[in-house]
Structures are given as C-alpha cells and as structure tokens.
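Chemist: The structure follows.
The values are calculated or read from the model by the stated rules, or taken from the named source; none is laboratory data. Just so it is clear, the structure is predicted and the values come from calculations on it, not from any experiment. Every residue, glycine among them, receives a Cβ derived from its backbone with ideal geometry; neighbour counts consider all protein chains shown.
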Amino acid sequence: MYCGDDVSSVVVDIGSYHTRAGYSGEDCPRSVIPSYVGLYDSQGEDVEMIDAGAVSQSRRRLITGSAELAFKRDAMEIQPLLQGDGIPNFDYLEDILRKSLIDGLMINPKETPMLFTEPPIHNKEARLRLTEFMFEKFQAPAIFIGKAPVYAAFSCGRSTAIVIDSGHRSTTATPVHEGFALQKCIIKHDIGGQYLTQQLQQVLEKERKIEIAPRYSFKKKLYNNNGTEGFDIMRLDTAGVHPSYANWCKEELVRDVKEEVLYVNEDPIDERSMETIRSTQYELPDGTQVTLQSERVALTEKLFLPNDKLASGGFTGIHHMVVESIGRADIDIRRDLFQNIVLAGGNTLFKGYLERLQRQVPEISPQNVKVKVVSGGGGGSGSTSGSERRFSSWVGGSILSSLGSFQQMWMSRQEFEEHGAIMIERKCP
Ligand SMILES: Nc1ncnc2c1ncn2[C@@H]1O[C@H](COP(=O)(O)OP(=O)(O)OP(=O)(O)O)[C@@H](O)[C@H]1O
C-alpha cells in the first residue's frame with residue numbers, strides 16, 4: 001500500500017491527439033499538449049551549446065509541446081506518440097511526460113502518485129510496459145491505471161452507463177457496470193475526428209483545388225494605398241520542410257475549419273435537403289476564403305451512415321454502435337444503459353451531435369425503453385453544451401484520485417518491485 005505523507009497526486013490522460021495532465025481534484029487539466037514529437041538533426045545547435053573543443057554531435061533531437069512544434073525547423077519530422085494500438089517508442093512518451101509533468105505541472109515525478117487512463121479494451125502487455133516505464137524511468141512512488149470510459153461515466157456521477165468516446169482516431173462504445181468496463185460488449189471503430197479532418201482536406205484540396213498554405217509558407221506584408229489597407233502575401237521557400245511536418249501543419253488548419261464550420265444535422269438528411277443548408281465562410285491564415293455549404297453537414301453525416309471502407313469493418317453508424325453494444329450486455333442492465341448514454345471525447349463536440357443520437361437511438365431500440373443521452377465531463381445531467389466533454393475521462397480520474405477512500409488503491413513502486421506484474425491486475429482491475 002502507498003503510504004506517502006503527501007497525498008497530492010496527478011492525473012494523466014494520454015490520447016492520440018492530446019496528452020492531458022493536471023492535479024487531482026481540479027476541474028480540468030492544466031497541461032494539454034499534442035501527442036506528437038518533432039525529430040530533427042541537432043548538429044548545428046549542439047555545436048553552439050557545448051563548449052569549444054567538445055566533440056560535435058550529430059544526433060536526432062526530440063521536441064514536444066505546441067509552441068515548439070509550431071516553430072518550423074529544417075527537415076523536422078513529425079511522429080505520433082500512439083501508433084496502432086500502442087506506444088512504439090517510449091522515448092517519445094518520456095519527452096511528452098517530462099513536458100507535461102515537469103514543465104507544465106512543475107511536479108517532481110519521484111514524489112507524486114500518478115493516475116493514468118487507458119483505452120477500454122484490456123491490454124495487459126500495454127499496462128505492464130507503462131508500469132515498468134513509470135517506475136524505472138520516472139521513479140514514480142505509486143501509480144494507478146484505469147479505463148477511460150469508467151472515468152468518463154464517473155465525471156457525470158454515474159457508475160453504470162454506456163460511454164460513447166469519440167476522439168481523434170477512433171470511437172468506442174463501452175458499457176460500464178458498477179465501475180467496471182464490460183469487456184465483451186465493447187465495440188470500437190476507426191472513425192474519429194481525424195477521419196473527418198482528412199475527408200474535409202480532400203474536399204478542399206482535391207475537389208475545390210484550394211491551396212492550404214501553412215503559416216510557415218508565407219509572409220504577410222501590410223500595405224496602405226492612399227488609406228486603403230490590405231495584405232500582400234509573399235510565398236517563402238519551403239524546400240527543406242519534411243513532408244510529415246507539412247501534412248501535420250495542413251491538417252491542423254483543416255481541423256480548425258472543421259471545428260468552426262461543421263455541425264451535425266439533428267435529423268438524417270439527404271442530398272437534396274443538403275442544398276438548403278446555409279453557407280458559411282472561413283478565412284485561412286493567408287487570406288484565402290473557403291465557402292462551405294452542403295459539406296457542413298454532409299461530412300458529419302458519415303458518422304451515422306454505414307461505411308465498409310473503414311479498416312475496422314462493419315461500421316453502421318454511431319447509433320447502431322450504441323444499440324449493438326447494449327445488446328451484448330446482460331439483459332438486466334440494458335434498461336439502465338439506455339437511460340445513461342454518456343458522450344465523451346472531442347469528436348462528439350459538434351453542435352447537434354447529442355441531439356442526433358437522442359433522436360436516432362430510440363428509433364432502433366426496443367419498444368418501451370427510455371433513452372437518455374448526456375454529456376460527460378461534469379457538464380451535469382442532461383447538459384447539451386459541455387466542452388468539458390473532451391476532458392471527461394481526465395475529470396473522472398481527477399474526482400476518483402482525490403477521494404480519501406481511493407488513497408489505499410495506489411500501486412506503490414515497492415509493491416510492484418516485490419510482487420511483479422501480478423500486482424497490476426490485483427490493484428488496477
Ligand atoms: N469543438 C469541436 N468540434 C468538433 N470536433 C472537435 C472539437 N474539439 C475537438 N474536436 C476534435 O476532437 C478530436 C480530439 O478529440 P480528443 O481530444 O478526445 O482525442 P484524443 O483523446 O486525444 O484521441 P483518442 O481518443 O483517439 O485517443 C480532434 O479530431 C478534434 O478535431
């Protein structure tokens with residue numbers, strides 16, 4: 001059992017888009033940084049930094065953090081922290097955690113218990129690797145690992161719910177019963193915010209032939225012609241930019257367009273009705289105007305339509321994921337699950353998303369069953385706004401780890417060193 005003097009702890013939620021970290025008991029994470037690293041050849045920098053006479057080093061330097069990644073460096077490559085189902089390179093995680101915990105939260109990891117979220121599908125190997133890494137590399141005094149959807153349910157005061165967590169790369173439906181994620185009922189599909197961003201990017205670049213110019217690729221110069229002000233755009237040489245960095249920057253611009261302009265129509269909508277959608281304009285950083293009309297709903301409509309092109313196969317729409325997942329649960333708890341559909345993750349933040357599920361789930365649910373969709377993240381029962389939703393797993397972890405009764409749940413480094421991997425499953429069921 002962990003018996004440290006200081007029970008202040010931190011919560012870390014590692015997502016495929018962002019890594020969120022903050023103090024237990026607080027309402028939202030204080031550090032939210034991209035789950036990406038930049039890699040570049042640091043030879044020139046090292047020569048400047050080290051004493052004259054020291055051997056010049058040629059090695060790949062790793063950087064993390066929004067501001068650092070926004071600064072273009074020649075041939076800097078961008079790599080995601082999460083690939084496939086795991087973390088292929090723990091050096092990336094080390095850098096991201098140092099940035100979050102030491103620079104962001106200013107804590108000493110050797111003295112601070114840390115609660116981690118993990119994806120709902122149980123992965124013993126991934127938990128073991130994370131545990132070993134945190135105890136060996138960071139010398140953490142104690143950690144705890146728990147399922148993200150369980151925390152998302154806690155974040156809105158529920159221990160039984162079905163959590164629809166739609167983030168950057170995927171969407172999962174996870175029934176949670178009395179604080180446990182029901183493994184056999186989980187449904188996961190490779191559709192999330194990144195899919196919609198990429199679809200929108202295709203529309204803009206391939207269909208509309210719009211050039212998406214990242215901020216590093218031009219300079220704006222203010223002119224004043226007899227009182228008329230405007231900007232001249234000067235294109236810059238981008239020959240040294242690594243393709244992965246160029247793509248990442250473009251995707252970031254399109255992501256912003258997507259978040260600002262797209263929404264979910266409250267009812268299913270056909271192509272003809274889409275013609276009546278009000279058009280809206282968005283100005284890209286170089287001044288290019290983008291006008292979107294039917295695409296504003298056509299792209300998000302894909303979340304509710306069958307799609308057999310996804311790698312996960314057999315996607316029939318988010319509402320079907322809800323009903324199918326509940327259908328796999330014990331019959332005694334299905335009614336409870338239908339009444340507690342909790343939304344979590346950034347990709348559920350589109351205007352109209354909650355209302356659309358609230359409308360479509362009952363259409364395919366058993367008769368006489370009451371359906372209620374709520375927002376995770378402490379937005380309160382029935383909250384329909386709740387940008388807290390994108391932090392809901394973090395918020396649930398924050399609530400749990402600040403409870404007095406939780407303090408005996410931590411898995412200490414000593415316990416792990418004495419008993420090994422078996423301790424993880426015992427302490428973090
Ligand atoms: N207001 C918004 N409207 C629409 N989409 C949004 C909004 N805010 C964030 N998103 C999208 O949500 C996604 C990120 O969600 P989230 O932060 O939950 O992901 P993550 O937890 O890092 O990823 P994952 O769950 O795949 O591990 C991005 O694709 C982003 O564009």
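Chemist: Would you confirm whether any residue within region 238-253 is assigned to a loop (DSSP other than H, G, I, E, B) and either among the polar types (S, T, N, Q) or over 26 Å from residue 216 (Cβ atoms) (or both)?
Modeler: yes
Chemist: Of everything in region 28-44 that's in a loop (DSSP other than H, G, I, E, B) and hydroxyl-bearing (Ser, Thr, Tyr), which residue is farthest from the ligand (Cβ to nearest atom)?
Modeler: If we take residues in region 28-44 being in a loop (DSSP other than H, G, I, E, B) and hydroxyl-bearing (Ser, Thr, Tyr), then 42 is farthest from the ligand (Cβ to nearest atom).
Chemist: Being β-branched (Val, Ile, Thr), farther than 19 Å from residue 74 by Cα and more than 16 Å from the ligand (Cβ to nearest atom) is the filter here, so list the residues in region 232-284 that pass it.
Modeler: 233, 269, 276, 277
Chemist: Same structure again: If I ask for residues that are outside any strand (DSSP E or B), touching a helix residue (DSSP H, G or I) at 6+ places or on another chain (Cβ under 9 Å) and near the ligand (Cβ under 10 Å from one of its atoms), which ones from region 171-197 would you list?
Modeler: Of everything in region 171-197, those that are outside any strand (DSSP E or B), touching a helix residue (DSSP H, G or I) at 6+ places or on another chain (Cβ under 9 Å) and near the ligand (Cβ under 10 Å from one of its atoms) turn out to be 192, 193, 194, 195, 196, 197.
Chemist: Follow-up. When region 281-313 is examined, which residues are found to be free of Cβ contacts under 8 Å to residues at least 24 places away in the same chain and surrounded by fewer than 13 Cβ atoms within 10 Å (Cβ to Cβ)?
Modeler: 281, 283, 289, 291, 305, 306, 308, 309, 313
Chemist: Moving to a separate point now. Return yes when residue 109 is more than 19 Å from the chain's Cα centre (by Cα) and modelled with pLDDT of 95 or more and no when it is not.
Modeler: Yes; evaluated as a whole, the condition is true for this residue.
Chemist: If you go through region 212-254, how many residues are in contact (Cβ under 8 Å) with a residue 12 or more places away in the chain and of a type in the set (Gly, Ala, Ser)?
Modeler: Residues flagged as in contact (Cβ under 8 Å) with a residue 12 or more places away in the chain and of a type in the set (Gly, Ala, Ser) within region 212-254 amount to 5.
Chemist: Do we find that residue 150 is assigned to a helix (DSSP H, G or I), within 16 Å of the ligand (Cβ to nearest atom) and surrounded by 20 or more Cβ atoms within 10 Å (Cβ to Cβ) in this structure?
Modeler: yes
Chemist: Any residue at all in region 48-64 that's over 30 Å from the mean Cα position of the chain (by Cα), modelled with pLDDT under 90 and part of a helix (DSSP H, G or I)?
Modeler: So far as region 48-64 goes, yes, one or more of its residues are over 30 Å from the mean Cα position of the chain (by Cα), modelled with pLDDT under 90 and part of a helix (DSSP H, G or I).
Chemist: When the residues of region 184-202 are filtered to those that are farther than 21 Å from residue 16 by Cα and of a type outside the set (A, V, I, L, M, F, W, C), which remaining residue is surrounded by the most Cβ atoms within 10 Å (Cβ to Cβ)?
Modeler: Applying the filter and picking the extreme gives 202.
Chemist: Quickly run through region 203-247 and pick out the residues that are surrounded by 14 or more Cβ atoms within 10 Å (Cβ to Cβ) and touching a Gly at 6+ places or on another chain (Cβ under 7 Å).
Modeler: If the condition is that a residue be surrounded by 14 or more Cβ atoms within 10 Å (Cβ to Cβ) and touching a Gly at 6+ places or on another chain (Cβ under 7 Å), then 233 is the only one that fits.
Chemist: Residue 101: away from the ligand (no atom under 16 Å from the Cβ), crowded, with 20+ Cβ neighbours inside 10 Å, at pLDDT 90 or above and within 19 Å of the chain's Cα centre (by Cα), yes or no?
Modeler: Answer is yes for this residue.
Chemist: How many of the residues making up region 270-301 are in a helix (DSSP H, G or I) and either more than 30 Å from residue 217 (Cβ to Cβ) or of a type in the set (Val, Ile, Thr) (or both)?
Modeler: 7
Chemist: Hey, among the residues in region 77-120 that are in contact (Cβ under 8 Å) with a residue 40 or more places away in the chain and β-branched (Val, Ile, Thr), which one's farthest from residue 397 (Cα to Cα)?
Modeler: Looking at residues that are in contact (Cβ under 8 Å) with a residue 40 or more places away in the chain and β-branched (Val, Ile, Thr), I get 78.
Chemist: Counting just the residues of region 267-326 that are in contact with a strand residue (DSSP E or B) (Cβ under 8 Å, 6 or more places away or on another chain) and among the aromatic types (Phe, Trp, Tyr), which one comes out farthest from residue 364 (Cα to Cα)?
Modeler: 282
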